[in-house]
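Data first, discussion second: the structure below is written as structure tokens.
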Amino acid sequence: MKTPQIISRSLVLILIAGLSLSSCKKSKSSTENLVGTWTAGTPTFTMMVGTKTLAQYYTDVMGLTAAQALQYSTVINLAVMQGFTGTITFKSDNTYTTNLGGTTETGTWSLSSDSKTLTITPTAGTPTVITIASLTANSLKGTLNDTISEDLNGDGTPETITITVDIPFTR
């Protein structure tokens, strides 16, 4: 009798049709996920002077004690962390407004086609590129890398300082 085979095939077809319809649900694009107001979480960061951490540089090159190096590093770390407190609002017209570190800034933003790079360009300033580690409707995690030159030891030659900041945002 072929009735069990027909029922079996019908169930398989119904199951396939159901799965196909449920998989057609439209998911939000990365751009849609990005639009809105985000609150900065606690950043983690590293500061390297050449190949040394900031604390190593203070002890090895500038001759400070470990306790003094820790004090100086802590002050700088707190200043950097303060700069990453607040909110940023991404608007659907590719403009943004931030209030980070007590400073308000506006400009434009763009997201790369692979959604891995966010470029923020202030109205008066240089673009900042953030590498996106993850982006969902409620969570944004990115990494900011920056290199600056500063004469830390007063010898007339600027040192290269590399700063890497991992910063989480939530809605």
>> Just to be sure I understand the filter: pairs with C-beta atoms under 7 Å, separated by 6 or more residues or on different chains, first member in the range 73-97 and loosely packed, with under 13 Cβ neighbours inside 10 Å, second member of a type in the set (A, V, I, L, M, F, W, C) and in a loop (DSSP other than H, G, I, E, B). Which pairs pass?
In response: Ser92/Val35
> Could you list, in sequence order, the residues of the range 147-165 that are within 23 Å of Asp60 (Cα to Cα), in contact (Cβ under 8 Å) with a residue 12 or more places away in the chain and not hydroxyl-bearing (Ser, Thr, Tyr)?
Replying inline: Ile148, Leu152, Asn153, Glu159, Ile161, Ile163
> If you go through the range 125-143 one residue at a time, how many are in a loop (DSSP other than H, G, I, E, B) and in contact (Cβ under 8 Å) with a residue 12 or more places away in the chain?
Replying inline: 4
>> If the requirement is being in a strand (DSSP E or B), at pLDDT below 95 and among the acidic types (Asp, Glu), which of these qualifies: Asp146, Asp155?
In response: Asp146
> Among the residues of the range 45-75, which ones are closer than 25 Å to Pro168 by Cα, assigned to a helix (DSSP H, G or I) and in contact with a Ser or Thr (Cβ under 6 Å, 6 or more places away or on another chain)?
Replying inline: Leu54, Ala55
>> Residue pairs, Cβ under 7 Å, 6 or more apart or interchain, first in the range 45-61 and free of Cβ contacts under 8 Å to residues at least 12 places away in the same chain, second not in a strand (DSSP E or B). List them.
In response: Lys52/Asp60; Thr59/Ala66; Thr59/Ala69
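The values are calculated or read from the model by the stated rules, or taken from the named source; none is laboratory data. It should be emphasised that the depicted structure is a prediction, and the values quoted were computed from it without experimental measurement. Neighbour counts run over all protein chains shown; Cβ positions are idealised from the backbone, glycine included.
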